[in-house]
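What follows is a set of notes on a single structure, which appears directly below.
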Amino acid sequence: MPATSDATKPARKFHFISGMPRSGSTLLAAILNQNPRFRASMTSPLADIMGVVIAEASSKNDFSFDVSDDQRVALLRGLVENFYTGHADAGIVFDTSRLWCSRMPLLDTLFPESKVIACVRQLPWVLDSMERLVRRQPVGVSKVFRFDTNTTVYSRVEALTDPRGMVGFSFQATKDAFYGHYAPGHLLLLTYESLVNNPPVAMRAVYQFIGEPWFEHDFDHIAYNADEFDARVGMPGLHTVRPKVEPIERTSILPREIFGRFVNESFWMDPKNNVSQVPVV
């Protein structure tokens with residue numbers, strides 16, 4: 001039988017993982033990677049690179065008058081497709097970035113069939129998880145806090161939850177996508193609690209959402225780490241995934257007033273907020 005030419009190969013599909021940090025996006029990517037048809041990883045620079053291209057093709061550049069919208073679309077679509085040329089064996093690619101939830105209209109323009117899976121977690125536990133990472137490195141300092149060594153749990157929480165902070169931006173971007181016009185049919189909110197408590201049910205919902213046949217995953221033998229990246233940002237363990245998917249019971253290390261301040265921020269848990277009927281797993 002003759003080999004299949006590039007012209008007759010089915011078009012590669014792109015989906016996007018977004019949402020909040022410490023909410024299961026790396027775990028989700030590690031699970032998806034068990035499927036040989038899929039390619040997923042931790043946060044990539046693709047969304048940031050696209051932002052630079054968008055800016056340089058705008059009126060920021062004096063020569064942008066000679067760049068049409070059709071050219072902009074072709075440039076950006078080609079950027080995504082070419083970024084993954086080294087993974088030709090993967091028919092479906094999942095790119096991860098907390099920026100994608102803030103760019104739903106762009107994704108709808110470039111890849112109208114694509115889906116966005118936003119990983120979410122109760123906000124106090126996101127902050128608790130971040131604080132635990134900080135306390136594991138008493139002799140280190142993180143880029144997340146701009147290498148400031150004079151911080152407390154209070155100032156760290158303020159920095160994280162600032163609208164431009166690591167947690168604050170992603171939280172607001174997820175809300176933007178959830179309440180936005182492009183959410184129906186394009187957005188799934190995957191809760192960390194569901195993923196770790198009942199991974200088969202959570203993953204079946206993901207497969208149904210993206211319209212792919214089920215693959216039997218091994219939730220007892222997951223492997224993923226990004227030690228080099230985590231070391232660069234001064235936060236070892238940020239993207240380390242435990243071998244077995246299971247819940248870990250623990251008591252929060254956050255001061256009570258901080259935990260209480262954010263305990264009612266899980267907007268996805270109130271059905272009255274879900275006017276667009278975005279699936280929440």
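Each reported figure results from applying straightforward, stated rules to the coordinates on display, with no laboratory input. Because the structure is a prediction, the values reported are computed rather than measured. Counting neighbours? That spans all protein chains shown, and the Cβs are built from the backbone with ideal geometry, glycine included.
Couple of notes before you dig in:
- Value of [θ]222 nm, deg cm²/dmol, for the chain, DSSP H segments ≥ 4, -39500 (n - 2.57) each, nearest 500: -11000 deg cm²/dmol
- Cut-off 20 Å, label 7 Å out along Cα→Cβ of Ser276, residues of segment 77-117 by amide N: 95-117
- For a straight C-alpha distance cut-off of 16 angstrom, the aspartates and glutamates reachable from Lys175 (same-chain residues fewer than eight places away being disregarded) are Asp162, Glu265, Asp270.
- Among Met42, Met269, Met203, the residue with the largest mean-square fluctuation in a Gaussian network model of the chain, with springs joining Cα atoms closer than 10 Å, is Met269.
- Given +1 at the Cβ of Lys and Arg, -1 at the Cβ of Asp and Glu and no other charges, the dipole of segment 121-200 around its Cα centre is 220 debye to the nearest 20.
- Only Lys, Arg (+1) and Asp, Glu (-1) charged, at Cβ; the chain dipole about Cα centre in debye: 520 debye
- Bridge type composition, segment 13-273 - antiparallel percent by DSSP, nearest 5: 5 percent
- Cβ-Cβ FRET estimate between Lys60 and Ile248, R0 fixed at 51 Å, reported to 0.05: 0.65
- For segment 91-166, applying the loop criterion from DSSP together with a ceiling of 15 other beta carbons within 10 Å to the trypsin sites (Lys or Arg not before Pro) yields Arg136, Arg146, Arg164.
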